[in-house]
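*Asks:* Before we start, here is the structure in question, set down as structure tokens.
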Amino acid sequence: MLIKRISFLILSIGLSGMVSAQQSLPVLPEIQAAYAKGTRSVSGKPGPKYWQNTANYDLKVNFNPETRALKGVVEVVYYNNSPDTLKKLWFKLYPNLYKKGVERKTKFNDRDLNEGVNIASMIADGDQIAQSAITIEGTNMQAVIAPLAPGKQIKLKIDYQYDLNKGSHMRTGQVDEGSHFVAYFFPRIAVYDDIDGWNKFPYTGDVEFYNDFCNFKGEITVPKNFVVWATGDLMNAKHVLRKDIASRLAKAEKSDEVIDVINDQDLADKAVTADQPYNTWKFDAKNVTDFVFALSDHYLWKSTSLVVDPTTGRRTRVDAAFNPIHKDYYEVIDFARQTVHAMSYTFPKWPYPYAHETIFDGLDQMEYPMMVNDNPVAKRQDAITLTVHEIFHTMFPFYMGINETKYAWMDEGWATIGEWLIGPMIDTTMVDDYGIAPTAMSSGSKDDTPIVTLSTELKGAGTFTNSYPKPGLGYLFVKDYLGDELFLKALHHYITLWNGKHPTPYDFFNSMNEGSGKNLDWFWKRWFFEEGVTDLALQGMNKTADGYEFTVRNKSNKPLPIDLKITFTDGSSTNIHKSIGVWENGDEKVIIKVVTDKKFAKAVLGSALVPDKDKSDNVG
């Protein structure tokens with residue numbers, strides 16, 4: 001409760017000559033080259049010569065849930081929008097993570113390893129590509145092609161097969177007897193961009209993904225009684241679902257209430273899918289970065305929808321597909337709906353960009369376009385934060401096309417701040433401090449590298465903190481500094497410029513500067529590009545004629561917000577908050593002057609979302 005007779009004054013002491021706002025960001029040679037070529041701009045906008053490649057995928061898959069054998073045909077038209085003639089195509093064979101002898105950063109049980117993806121044939125523009133022209137190295141594949149000139153396209157047809165993993169579940173695989181989450185299941189043309197050329201980083205199970213925006217048609221053939229959920233819109237619900245089930249799904253797409261699309265009785269009666277030996281489920285997804293599917297013969301399906309864009313009345317359907325034995329999942333549909341609502345109307349206050357979002361009861365904590373693979377959890381608050389975190393990824397990396405392989409912080413940091421902000425909206429009793437303690441403890445240690453360090457080079461504690469809480473705190477601190485209105489204006493500027501494209505860190509920093517009208521390089525440089533301990537100290541308190549002066553010292557280069565709780569002898573207290581702006585000029589100390597006639601008892605520095613390494617000097 002605010003005490004009326006208290007006023008505050010901030011005085012800065014120290015290095016005002018070292019004005020950090022005048023420091024520019026160190027720019028990598030490949031970014032400078034992009035500026036010179038005109039594909040990127042120092043303003044943060046895509047350059048006049050910006051380009052990116054794309055493709056149309058037609059995926060036809062037969063999946064056997066008993067043997068886990070997946071046989072597929074990929075027909076793809078790939079468009080070379082680059083200024084370069086391509087003599088090879090690079091592909092990603094992500095299922096080869098489970099191939100015997102392949103390098104991986106994750107330990108798998110030997111019994112879960114297999115022979116990997118078998119490429120039976122590859123045809124390019126009607127001509128067979130010889131096996132000698134195809135090279136497979138781990139999760140990367142190269143194919144020599146006739147030169148593909150700028151502005152031209154190539155049509156490929158690839159026949160392939162592999163066995164889905166049963167154990168060692170890493171983002172994909174069998175969930176239980178009768179349920180599977182199937183991701184990264186087709187040969188995917190790698191990204192060719194203006195920064196690195198081909199994305200040649202192998203997938204080793206640790207760092208995540210980087211894909212072009214493409215159009216997908218998926219046809220998934222599975223036995224009767226198996227329901228399929230996938231990226232994209234289900235185009236033939238009336239042909240693969242029983243009439244009453246399809247009607248419930250159609251109702252959910254227009255209803256604010258939660259509809260039991262598949263209930264316990266439906267499962268008991270085995271009266272869910274069309275009554276034929278096999279059903280082919282057809283999906284369509286436009287301008288997305290990936291396509292995945294999941295299936296089960298014993299999952300409940302709850303569904304609801306909500307208006308995400310009041311201007312157009314556009315709705316998003318939200319689904320939860322889960323095993324009835326997992327009791328936490330009965331509330332997940334509510335958590336998911338509230339998350340989509342909060343994202344559309346509060347933060348980032350952007351109409352949810354896709355027609356549906358499915359939360360699937362799996363064995364992981366992983367996001368995909370329009371899909372989430374979430375494991376069941378024991379605590380309600382964990383179910384909330386997990387649901388929020390993974391759904392928030394819809395914006396970053398999927399809507400924004402981020403290169404997660406190199407810059408995990410550009411999407412995980414956003415999912416983390418989304419979790420911090422939206423979780424307490426769903427449950428007002430919770431305080432989500434995910435990652436704050438590890439950030440404080442590891443700061444200044446050997447694993448504490450700059451956030452902009454490539455994700456492929458991170459080690460130890462930094463693998464987590466650099467990707468999740470540290471960048472999340474950076475976004476949170478800038479939000480606090482700018483204020484909600486200006487921060488959202490800047491963030492929307494970034495989203496408008498780069499949705500459907502491939503932003504780099506510099507595109508983010510520069511577009512946020514332009515969108516806010518403020519040069520934030522002083523903060524970007526110190527928080528994202530430099531190392532340093534995160535530590536504030538309450539250095540002293542002096543009695544003055546009209547109150548008190550408190551000195552707060554920043555023990556490193558990292559700008560942190562100041563949260564000071566002052567308690568008086570009459571039992572009353574007040575909280576003082578100051579944003580990172582007090583450190584903008586590079587000062588080492590800040591004096592907070594409190595004007596009051598009350599008698600001081602105690603002062604405590606810090607808050608739940610400030611990673612202060614040494615709290616022994618936070619009390620005065």
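*Asks:* Can you give the extra length, in nm with one decimal, that the chain gains between Lys157 and Val431 once fully stretched, where that is 0.36 nm per residue apart less the Cα-Cα distance?
*Replies:* Using 0.36 nm per residue and subtracting the Cα-Cα distance, I get 93.5 nm.
*Asks:* Let me ask something else about it. With a probe of 1.4 Å, find how much accessible area the range 137-197 has per residue, and write the answer as a whole number in Å².
*Replies:* Using a 1.4 Å probe on heavy atoms only, each residue of the range 137-197 averages 33 Å².
*Asks:* Summing -39500 (n - 2.57) over the DSSP H runs of n ≥ 4 in the chain and dividing by its residue number, what mean residue ellipticity at 222 nm do you reach, to the nearest 500 deg cm²/dmol?
*Replies:* About -6500 deg cm²/dmol.
*Asks:* Note down the accessible area of Tyr330, probe 1.4 Å, to the nearest 10 Å².
*Replies:* 80 Å²
*Asks:* What span do the alpha-carbon atoms of the chain cover on each of the three principal axes, reported in whole Å from largest to smallest?
*Replies:* 87, 59, 51
*Asks:* So, counting K/R as plus one and D/E as minus one, what does the shell of residues with Cβ under 15 Å around Gly232 add up to?
*Replies:* -3
*Asks:* Give me the net charge for the shell around Asn403: Cβ to Cβ below 9 angstrom, other residues only, Lys and Arg +1, Asp and Glu -1.
*Replies:* Net charge around Asn403: -2.
*Asks:* Just to confirm a number: summing +1 for Lys and Arg and -1 for Asp and Glu over residues other than Arg188 whose beta-carbon lies under 12 angstrom from that of Arg188, what do you get?
*Replies:* Every neighbour counted, the sum reads -1.
*Asks:* In the structure shown, do any of Lys446/Lys615; Lys518/Lys558; Lys479/Lys578; Lys88/Lys459; Lys71/Lys501 have a Cα-Cα gap over 23 Å, and if so which?
*Replies:* Lys88/Lys459; Lys71/Lys501
*Asks:* So, one more: Using a Förster distance of 22 Å, how high is the FRET efficiency between Ala120 and Trp198, based on the Cβ-Cβ distance and rounded to 0.05?
*Replies:* Efficiency, from the Cβ-Cβ distance: 0.35.
*Asks:* So, one more: Before I look further, what does the range 212-252 give for accessible area per residue, probe 1.4 Å, in whole square angstrom?
*Replies:* Ligands and nucleic acids excluded, the figure is 41 Å² per residue.
*Asks:* How far is the Cα center of the range 209-288 from the Cα center of the range 511-538, in Å?
*Replies:* First find each Cα centre; the distance between them is then 46 Å.
*Asks:* Return a whole-number percent for the relative contact order of the chain, with Cα pairs under 8 Å and 6 or more residues apart as the contact set.
*Replies:* 15 percent
*Asks:* If one takes the longest principal axis of the Cα atoms in the chain, at what angle in degrees, from 0 to 90 and to the nearest 10, does the Cα axis of helix 329-345 lie?
*Replies:* Between helix and principal axis, roughly 60 degrees.
*Asks:* Continuing with the same structure: What list of ³J(HN,Hα) couplings, whole Hz, do you get for the range 606-616 from phi and the Karplus terms 6.51, -1.76, 1.60, once you set θ to phi - 60° and write x for glycine and proline?
*Replies:* x, 8, 4, 10, 10, x, 8, 5, 10, 8, 5
*Asks:* Along Cα→Cβ, 7 Å out, is where each label goes; now give me the distance between the ones at Lys251 and Val77 in nm to one decimal.
*Replies:* Going from the Lys251 label point to the Val77 one covers 4.1 nm.
*Asks:* If amide hydrogens are placed 1.01 Å from N in the peptide plane, which non-local residues have theirs closer than 5 Å to the one on Ala408?
*Replies:* Ser455
*Asks:* Nearest-5 percent of antiparallel DSSP beta bridges in the chain?
*Replies:* Approximately 85 percent, going by the DSSP bridge assignments.
*Asks:* Calculate, in nm to one decimal, what Thr135 and Asp260 gain on full extension: separation in residues at 0.36 nm each, minus their alpha carbon distance.
*Replies:* 40.2 nm
*Asks:* List, in the order given, every pair from Lys152/Lys282; Lys155/Lys251; Lys254/Lys470; Lys470/Lys593; Lys254/Lys349; Lys92/Lys243 whose Cα-Cα distance in the structure shown is over 32 Å.
*Replies:* Lys155/Lys251; Lys254/Lys470; Lys92/Lys243
The values are calculated or read from the model by the stated rules, or taken from the named source; none is laboratory data. Bear in mind the structure is a predicted one, so any value in this text is a computation, not a measurement. In this analysis, Cβ positions are derived from the backbone assuming ideal geometry, glycine residues included, and neighbour counts consider all displayed protein chains. For the accessible areas, the whole protein counts, side chains as well, though only heavy atoms, and no ligand, DNA or RNA atoms are used. Shrake-Rupley method; radii C 1.70, N 1.55, O 1.52, S 1.80 Å.
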